[in-house]
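Engineer: Once you've had a glance at the structure underneath, I'll fire off some questions.
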Amino acid sequence: MNWNDQKDNRYIFTVSELNNSAKKTLENSFSDIWIKGEISNFKSYPSGHWYFTLKDEESQIQCVMFKFKNSLLNFIPKEGDEFIALGSASMYLARGNYQFQVESLEKDGIGKLYEEYEKLKTRLNNQGLFDESNKLEIPSYPQKIALITSEKGAVLQDIKNVLNRRAPSIEVNLFSSLVQGEEAEQSILNNLNLINEIQPQYKYDLLVFARGGGSIEDLWVFNSEKIALAISKLNIPTISAIGHETDFTICDFVCDLRAPTPSGAAEIISSEIFQISNSLENYEKFLNKVFFNNLNFLNQEVKNLSQRIINPLNKINENFLKLDESTLRLHNSFLSGFNKVREIINFSKRSIDLLNPNSKLARFKENIDDNLSKIKTLHSKHLSEKQNLITSYSSQIEQLSPFNVLERGYSIVRNKKGVVVKSIDDISLEDKISVTSAKISYEADVTNINND
């Protein structure tokens, strides 16, 4: 075969064919693999995609991690950090560049931590530390809680703010601990031993472990086997409030209850007391509304009665009766309100005796006493005002009475028909007339008529 024949039989790849073939070979041979290297040339584009290089001492590879993947991470890589990446080798056809598409990224050493975590979790679970049958019931109305957390972090203030707003009667005793680092484990164990020693005297209703969010390394102390075993031996109900809702530690599983966040733990602790407090405030508002509605109704009724006086003496007597009836109704309304208040106080006392929030009970009792004092004052004032009003009406009517006119020396003259004489047309000579003065009545004959 000569050279020309060889030229006619050869297959010539296009650039696109070669790149496509290389791309398929890479993707079929190196899919879902782990690689390890140091991050360099890290760039985050406005699109949200990450571009960087993974390198070791002898080589490097270009990497890309798209936004829908890197958004699942709780960190941003830094230059020089060692990472382990899960992904697939591929090729960017337009440029023929070979690259590694990253699906997952974790710091070197994190994999070992997860492996240790899973092994410890399985071992403790097999020992029964996570069994629901061993869990203690979380009290609905805790009065005193022990809190293990850092005194310098925001977690402490978050918990205090929630409890002060929802259940200020709960007493919180802080056992300040390191929550990160090599000395954190012993710090927490020391506090657990201290709580065990003083529990007979202080009688804590609840123990809460709290820490803010962080990486697995930051939260690692709460994966301690020693701490887990110490918690399992406690006779105090425990709540774990470590990290964010997506963070899980061994402490979460061994404690009697896991809260999603420290603030969430405070809301769980105060939920029942918060509901009771709201109910008591609503009862108080209801009583005030009923009483003042009744009082306004009775005031309007008395006002309407006072405007309908026609025959003074009879109407005064009638109004006295109505006033007595109104007073009785007001009195009965007061007694009814008072009895309702007493029933609510007794109910509240029974409820509060169960949960014993002393400060809340004292404030509520003071409010009730103040309201009762106001009710009595308004009741007395109202009766006094109405009695003064009736007395004034009686005085005015007596001044207008015709009997008072007779007392001043005047007389009333009636003709033989009994009609009051007002002009000469009402009488005639020799008519019999009757005369009524203030103290006597007598008859007389008409002997003379003067038209003056």
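Engineer: Looking at K119, K144, can you tell me which residue is out of contact with any Pro (no Cβ under 7 Å at 6 or more places or on another chain) and under 23 Å from E197 (Cβ atoms)?
Structural biologist: Only one candidate passes the filter, namely K144.
Engineer: Oh, and also: Could you please tell me which pairs satisfy a Cβ distance under 7 Å, a separation of 6+ or placement on different chains, a first residue in segment 226-237 that is more than 12 Å from I250 (Cβ to Cβ), and a second residue that is surrounded by fewer than 14 Cβ atoms within 10 Å (Cβ to Cβ)?
Structural biologist: Once the first residue is more than 12 Å from I250 (Cβ to Cβ) and sits in segment 226-237, its partners that are surrounded by fewer than 14 Cβ atoms within 10 Å (Cβ to Cβ) give P237/E137.
Engineer: Moving on to the next point. Quick check on this structure: which one of I242, I269 is outside the structural domain of I188 (by TED's automatic domain parsing) and in contact (Cβ under 8 Å) with a residue 24 or more places away in the chain?
Structural biologist: Checking each option against the conditions leaves just I269.
Engineer: Scan segment 279-286 and tell me whether some residue there is over 30 Å from L330 (Cβ atoms), of a type in the set (D, E, K, R) and in contact (Cβ under 8 Å) with a residue 12 or more places away in the chain.
Structural biologist: Among the residues of segment 279-286, not one is over 30 Å from L330 (Cβ atoms), of a type in the set (D, E, K, R) and in contact (Cβ under 8 Å) with a residue 12 or more places away in the chain, which makes the answer no.
Engineer: Still on this structure, I have one more. Would you confirm whether any residue within segment 213-231 is charged (D, E, K, R) and closer than 30 Å to S169 by Cα?
Structural biologist: Scanning segment 213-231, I find no residue that is charged (D, E, K, R) and closer than 30 Å to S169 by Cα, so the answer is no.
Engineer: Please count how many residues of segment 98-153 are under 37 Å from the mean Cα position of the chain (by Cα) and among the hydrophobic types (A, V, I, L, M, F, W, C).
Structural biologist: Going through segment 98-153 one residue at a time, the tally reaches 8.
Engineer: So, one more: For segment 246-264, give me each residue that is in contact with a Gly (Cβ under 8 Å, 6 or more places away or on another chain) and over 15 Å from L147 (Cα atoms).
Structural biologist: Within segment 246-264, D247, T249 qualify.
Engineer: Follow-up. Has segment 424-437 got any residue that is at pLDDT 85 or above and not β-branched (V, I, T)?
Structural biologist: Yes: one or more hits.
Engineer: Within segment 51-67, restricting attention to residues that are closer than 12 Å to K36 by Cα and of a type in the set (D, E, K, R), which residue is surrounded by the most Cβ atoms within 10 Å (Cβ to Cβ)?
Structural biologist: Only one residue tops the list, namely K55.
Engineer: Now for a separate question. Given E443, E385, E430, which one is more than 30 Å from V172 (Cα to Cα), part of a loop (DSSP other than H, G, I, E, B) and either in contact with a Lys or Arg (Cβ under 8 Å, 6 or more places away or on another chain) or among the acidic types (D, E) (or both)?
Structural biologist: Just a single option satisfies the conditions, and that option is E430.
Engineer: Kindly list, by first and then second residue, each pair from a residue in segment 330-341 that is part of a helix (DSSP H, G or I) to a residue that is surrounded by 13 or more Cβ atoms within 10 Å (Cβ to Cβ) and of a type in the set (S, T, N, Q), limited to pairs with Cβ atoms under 7 Å and residues at least 6 apart or on different chains.
Structural biologist: S333/N294
The values are calculated or read from the model by the stated rules, or taken from the named source; none is laboratory data. Only a predicted model underlies this, so the values are computations on that prediction, with no experimental measurement involved. Backbone-built Cβ (ideal geometry, glycine too); neighbour counts: all protein chains shown.
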